[in-house]
Amino acid sequence: MTALILAVTLIGTAWPLLLRVTANVQFDYDEGWNAYRDRSAAYLIALYSAPPKFEITNYPPLSFHLIGLLSWLTGSVTTTGRIISLVSLAVVCWVIRLVTRLFTTTGYAGACAALLFVLLLEVWMPNRIGVNDPQLLGMAFEVTAFYVLIKHPRSARSGCLSAALFVIALFTKQNLVALPIGAGLSLLIGRAWRPLFYWATAGLVSVAVLLLATHVIDGPYFLSDLMRGRAYRVADAVSQGGLYLLVFLPYVGIAAVWAFRNRASVERRPLILAWLAAHGLGLVLSGGDGTGGNMFFEAMVLNCVIVVIAYEDYFQRTPALPARRSVALLLLLVLLPACLLPRKISVGLSEWRNLPQMQDDFARGVKLLRSSSSPVVCENLLMCERAGKASAFDPYFVRDQIRLGRIKESDIVELVKDRRLGMVEIGDYDRPEPPTRTHARYTMLFLQTLLANYTISLRTPEFTIWVPKAAAG
């Protein structure tokens, strides 16, 4: 019954997110950023050929090459990335079902865990469903690697395959370390020396092979890009972590109690250790500039698996449980999503209704940017990419590096002061006009200088495009 309720809820709420796959508009800042790298990889242009200056490629290369290659079939790197993201989500759900099935007696339990993850993902970060972003692709490799290892923990072959898949996940998205930590610690604590040796050796060999391939294909600055420091704010970590715990408190609480009660179980040890690692890393890493709710995706996967296992354990211990209490416990799984989903549904429907106009406006912006003979800069990076223009700098990266003192703010401001930029595109944060509102990706001085030297050429509800005042009209 719970699986049926979850399935019906998902069918009724997720369709707006699926229909936007081919939409010619940017749904997330990372989509434009990724599109540039995907296209470079498609044409075998090195991703790490120079040290970072006004932009950086601080993601590993595998997703860019996969999407770039497949885009030759679809004709669009963004559409390809969105399709891969949806397929990856399906794979993650399938493996969640398989992992849950290892510790439960029915297939319905695994289906509940998988459907619950999608529902919670829709509640937590719907902007990561069906968008061109490598997070879910990397997680598809990661959860598969975890399943392979815990299903056959003593098999050398499974250990080698698991290690290789974990490394592929890391070379897709570098923050996916919670499940390999849980798997490795489980082997270490269990003194499974032979499987641990094969697992670690295969992992080191895989890392060496991919590092060498990246150096040869994509250039020598991979590690310097990947390890480049970013601003960190404890307040952001507290805010993101506090929100996560507030939203998912019932799941975290049930999983914590289950982990404590099963702490002596050898079979369940990998789940417990991975759950602890996922929550610890999520709470710490969510304070980094450019990170956010996706730092808790691994924790959400493990919450769904563990909570469903905990429910079955409880029902098996109390077979004579009154039907009323059973229904109440099952409804607890969907009570939180049911409370939060109405707003998410409203936002999704509004986006779907406005999508035709958004695409028309986006196309107008692309056409205007394409007409510029001078360098341009975009906050909506996909708009610049579709216009065939390289953004003069990455607004998000530059703002972060200015905060760290690695880039002089004057270097960016002078581009506007001297009117060397033919056009400047700003997203919806610029309403009302700058500098009356602090912008997340442009500094206040940049916006003040823009207002003094540029005028609006195109305004829509989502963005504005500014041109030098001498070129107005």
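The values are calculated or read from the model by the stated rules, or taken from the named source; none is laboratory data. The structure presented is a predicted model; accordingly, all values stated were derived computationally and were not measured. We place every Cβ from the backbone using ideal geometry, glycine too, and count neighbours over all the protein chains shown.
Can you name every residue in the stretch 379-421 that is within 22 Å of the chain's Cα centre (by Cα) and aliphatic (A, V, I, L, M)?
Across the stretch 379-421, the qualifying residues are Leu381, Leu382, Met383, Val398.
Restricting attention to the stretch 355-372, report how many residues are over 15 Å from Gln26 (Cβ atoms), more than 28 Å from the chain's Cα centre (by Cα) and assigned to a helix (DSSP H, G or I).
Result for the stretch 355-372: 3.
Yes or no, residue by residue, for (1) of a type in the set (Phe, Trp, Tyr); (2) over 27 Å from Arg37 (Cα atoms); (3) part of a loop (DSSP other than H, G, I, E, B):
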{"position": "Leu137", "(1), (2), (3)": "no, no, no"}
{"position": "Val143", "(1), (2), (3)": "no, no, no"}
{"position": "Ile150", "(1), (2), (3)": "no, yes, no"}
{"position": "Leu161", "(1), (2), (3)": "no, yes, no"}
{"position": "Asn175", "(1), (2), (3)": "no, no, yes"}
{"position": "Leu187", "(1), (2), (3)": "no, yes, no"}
{"position": "Thr201", "(1), (2), (3)": "no, yes, no"}
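From the list Val209, Val234, Val266, pick out the single residue that is assigned by TED's automatic domain parsing to the domain that holds Phe117 and at pLDDT 95 or above. Spell out how you get there, then give the answer.
Details: Val234 fails: at pLDDT 95 or above; Val266 fails: at pLDDT 95 or above.
Within the list Val209, Val234, Val266, the selection yields Val209.
Return the total of residues in the stretch 74-108 being over 14 Å from the mean Cα position of the chain (by Cα) and closer than 30 Å to Arg386 by Cβ.
11
For every residue, the table says whether it meets (1) modelled with pLDDT of 90 or more; (2) closer than 22 Å to Trp33 by Cβ; (3) part of a strand (DSSP E or B); (4) in the same structural domain as Asn58 (by TED's automatic domain parsing).
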| residue | (1), (2), (3), (4) |
| --- | --- |
| Val398 | yes, yes, no, no |
| Arg406 | no, yes, no, no |
| Asp411 | yes, yes, no, no |
| Arg420 | yes, no, no, no |
| Pro434 | no, no, no, no |
| His439 | no, yes, no, no |
| Leu451 | yes, no, no, no |
| Ile456 | yes, no, yes, no |
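When the residues of the stretch 368-405 are narrowed to those that are acidic (Asp, Glu) and within 21 Å of Pro51 (Cβ to Cβ), which ends up surrounded by the fewest Cβ atoms within 10 Å (Cβ to Cβ)?
Asp400
I'm told Ala323 meets every condition in (1) crowded, with 22+ Cβ neighbours inside 10 Å; (2) at pLDDT below 80 except one. Can you identify the failing condition by its number?
(1)
Quick one: which of Ala35, Ala111 is more than 16 Å from the chain's Cα centre (by Cα) and assigned by TED's automatic domain parsing to the domain that holds Gly219?
Ala111
Quick test of your reading of the structure: Ala278 fulfils all but one of (1) modelled with pLDDT of 70 or more; (2) assigned by TED's automatic domain parsing to the domain that holds Arg228; (3) loosely packed, with under 15 Cβ neighbours inside 10 Å. Name the failing condition by number.
Of everything listed in (1) modelled with pLDDT of 70 or more; (2) assigned by TED's automatic domain parsing to the domain that holds Arg228; (3) loosely packed, with under 15 Cβ neighbours inside 10 Å, Ala278 misses just condition (3).
Considering only the stretch 260-275, state which residues are surrounded by fewer than 19 Cβ atoms within 10 Å (Cβ to Cβ) and hydrophobic (A, V, I, L, M, F, W, C).
Phe260, Ala264, Val266
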